[in-house]
Amino acid sequence: MTISKVGIIGTGTMGLGVAQVCASAGHDVIAVKATPGPAEKAKDTVAKGLGKMVERGKMEAATRDAILGRMTFTGDENAVTDSDLVIESIIEDLETKKALFRRLDQVCRPDTLLTTNTSTLSVTAMMSVCQKRDRVAGLHFFNPAPVMKLVEVIHGFETSDETLQKLETFCNGINKDPVIVQDTTGFIVNRLLVPYMLNAIRMLERGTGAIETIDHAMKAGAAHPMGPFELADYIGLDVVEAMSMNIYMDVRHEHHAPPHTLTRLVQLGYLGRKTGKGFYDYSAKPPVQNPQLQRPVI
Ligand SMILES: NC(=O)c1ccc[n+]([C@@H]2O[C@H](COP(=O)([O-])OP(=O)(O)OC[C@H]3O[C@@H](n4cnc5c(N)ncnc54)[C@H](O)[C@@H]3O)[C@@H](O)[C@H]2O)c1
């Protein structure tokens, strides 16, 4: 079986990015909005992003139209049952993802590959609720999905070699660089990156330096394209907090627990770029550090 039709569940930052990547590579894509509300809004988001590329002369209008023509948006999860591959990209919550895998395992074709774009959760735990487990794996893309080359292909406990090989071939076909990784919390990239971002937040809490100072130091001193606070805001602070919690629950070392400032920002709904405020306030052009963080967060 070659992968032709791809089902995406979840039309947030990552779901839409991955949907765009797959459609750009010629796949038919069905993108399912996983929470109530009009699914067409997601199409507008993709169309707007592609439209900017056309305006900047980086894409032909005909190419944009062809990509959008290969994408269907719906609120009906059952629309993916006939897909060759499903990539779920819903909220980073294990019980919610397990419930989804249980449903997908029952309704999808027996040869449909079922994958998760989880950042830190156990692929094997999602596999455990499925009857046909050899077709379950992780496909971990990076943000922004249309730009970042890496995909971690996660080898769950009972993922078959055939499934891994099909996923590797699929990733190469959508112009990504796949690496096969064993199913351990945070895999490779997030197991290294999350503690780095948490350390930066603790450094801020200790008063070592301001947000902009720490970001500037890592860009100018370590050649990082973004500082740790810019990166956390870009990823989404709710996602960073969930990743931190998942790693903490695995290793049980307080060093990996979400720092106070991160938890407070998430509680207040300041989730970074996607809500307009996080460590930075994006209503200002250029963004300025969130003024509420100039005094200690209690
Ligand atoms: N943001 C990143 O940098 C990044 C990178 C790689 C992977 N991921 C992973 O991708 C997944 C989605 O993250 P995102 O950044 O797109 O988040 P997001 O907040 O942009 O989107 C979350 C999606 O989950 C859906 N959702 C929310 N509550 C739900 C619920 N109770 N039940 C079902 N669906 C629900 C939303 O409708 C939305 O489609 C997560 O597993 C995350 O860890 C994120």
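Mind checking the angle between helix 211-222 and the chain's longest principal axis? C-alpha axes, 0 to 90 degrees, to the nearest 10. Computed tilt is about 70 degrees.
Note on L167, L94, L265: ascending count of other Cβ atoms within 10 Å places them as L94, L167, L265, the fewest first.
Under the criterion of Cα pairs below 8 Å and six or more residues apart, the relative contact order for the stretch 189-289 equals 26 percent. What fraction of the DSSP beta bridges in the chain is antiparallel, stated in percent and rounded to the nearest 5? In the chain, DSSP labels about 20 percent of beta bridges as antiparallel. Between helix 94-107 and the chain there is an angle of about 10 degrees, using the helix long axis and the longest principal axis of the Cα atoms. DSSP loop (so not H, G, I, E, B), at most 15 other Cβ within 10 Å: list which GluC sites (Glu not before Pro) in the stretch 6-110 pass both filters. Sparse-neighbourhood loop GluC sites (Glu not before Pro): E60. Enter the mean projected area of the convex hull around the alpha-carbon atoms of the chain, in nm², rounded to one decimal. The directionally averaged projection comes out at 15.6 nm². Pairs with C-alpha atoms separated by more than 19 Å, drawn from the list K5/K33; K149/K285; K43/K149; K41/K176; K149/K219, are K149/K285; K43/K149; K41/K176; K149/K219. Helix 40-55 axis versus longest C-alpha principal axis of the chain: approximately 80°, rounded to the nearest ten. The alpha-carbon of K58 sits under 16 angstrom from the alpha-carbons of these lysines, leaving out residues fewer than 8 places away in its chain: K48. Distance between the pseudo-spin-label points of T2 and L94 (7 Å out from Cα toward the beta carbon): 3.9 nm.
The numbers here are math on the coordinates, done by the rules we state, and not lab data. From a predicted model like this one, the values you see are computed outputs, not experimental measurements. Don't worry about glycine lacking a Cβ; one is built from the backbone with ideal geometry, like all the others, and counts go over all protein chains shown.
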